[in-house]
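Quick notes on the structure that follows.
Just so it is clear, none of the values below were taken in a lab; they were calculated from the coordinates. Quick caveat: nothing in here was measured; it's all calculated off a predicted structure. Methodologically, a virtual Cβ is constructed for each residue, glycine included, from the backbone with ideal geometry; neighbour enumeration extends over all protein chains shown.
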Amino acid sequence: MFESDVASHVIAHISDTHLLGGNRKLFSTVDVASNLTRVLDRLRAGDQQIDALVFTGDLADIAEVDAYRWLRSQVEPVAAELGAELVWVMGNHDERLTYSRELFDDESDAVQDRVYRVGGLRIITLDTSVPGYHHGAITDAQLEWLSAELRASAKNGTVIAMHHPPLEAHNPFVRMIGLDERDRLATVIAGTDVRTILAGHLHYSSFGQFAGIPVSVASATCYTVDVGADKSLLLSAVDGAQSINLVHVYKSEIVHSIVPVENYQQIAGYPATLRAMAETMSESEIREMVSNKNSEFNNAERAQSADL
């Protein structure tokens, strides 16, 4: 319909699955396995070409072998069906030895940084985990490696995927397990072809800017943190409002959109057959149809919504 408006890449940004072995429920309450399978089903049923599935850490809650194996068994077939690159990122709940052995078939306690090429888009994963701790950090060696990698630009730019976001958390308790010495990372990536940073860790959707680069924090598929919780609580975790993000990469901008895990009841909508009709119309005709408040199209919608 509008070829110039088609994204060059679409990324499904998923974070903080916190899976347990044996499909056990988190806190004996949250069905984390079901939440992930519902997300994958939504992606498979959608009409968008997904070019990459990016999981930004805390894949397993306590780094159990069974949790990683189940995750891989569920996600790899979906990635193959979608024709999408599968990108894993280390989180503070993950453990490098088990993570690398079960997801990459290469057991290693080394830092888990990698580079992926998805057409002309480069995705760099940064391991911000600190063994034995929940806060995040990036070593000198990692920064040197990243700087060397970024010396050459990618055709469609670069996306950095990491677990700990390089943003200030609103909660003072959460700041204690944030990313240390963010300014050092800023020095390396400022002025490069990095177009956006994807992160997780917070368990709520958040957006900001770091070194002049947009940062998007996907919420969690396990449980979420209620940012609007009562002031009597330091922090409130709830089994609700879980979501992922879709990242659309356009020539001049990148757009991040929240997609809920829950498939809610539809109250209004338009059938997919409208696409075929739109293909026969000019851009000005489509604009008149959908924008003119008195068009037949909008009159019918108004009558339906107001039950006239």
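Data table
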item	result
Local electrostatic count at residue 107 - Lys and Arg +1, Asp and Glu -1, tallied over other residues with Cβ under 13 Å	-3
Between helix 32-45 and the chain: long-axis angle, C-alpha atoms, 0 to 90°, nearest 10	40
Overall dimensions of the stretch 248-308 by Cα: Rg and Dmax, Å	15.4, 43
For peptides 212-218, 77-83, 67-73, sequence by mean Cβ density within 10 Å, most packed first	212-218, 67-73, 77-83
Projected area, mean over directions - the stretch 4-45, Cα convex hull, nm²	4.1
Protection-proxy order for peptides 263-271, 32-40, each taking the mean of Cβ atoms within 10 Å per residue, highest first	32-40, 263-271
Where trypsin sites (Lys or Arg not before Pro) fall in DSSP loop in the stretch 123-183, at most 16 other Cβ within 10 Å	151, 155
Residue with peak Gaussian network fluctuation, the chain [Cα springs, cutoff 10 Å], from 47, 180, 113	47
19 Å reach of a label modelled at residue 115, 7 Å along Cα-to-Cβ, counting backbone N of the stretch 141-168	141-162
Charge context of residue 273, other residues only, Cβ under 14 angstrom, K/R +1, D/E -1	-1
Rg [Å, one decimal], Dmax [Å, integer] - the chain, C-alpha atoms	20.9, 66
Antiparallel %, DSSP beta bridges [both residues in the stretch 3-260], to 5	55
Radius 14 Å from Cβ of residue 26, net charge of other residues (Lys, Arg +1; Asp, Glu -1)	-4
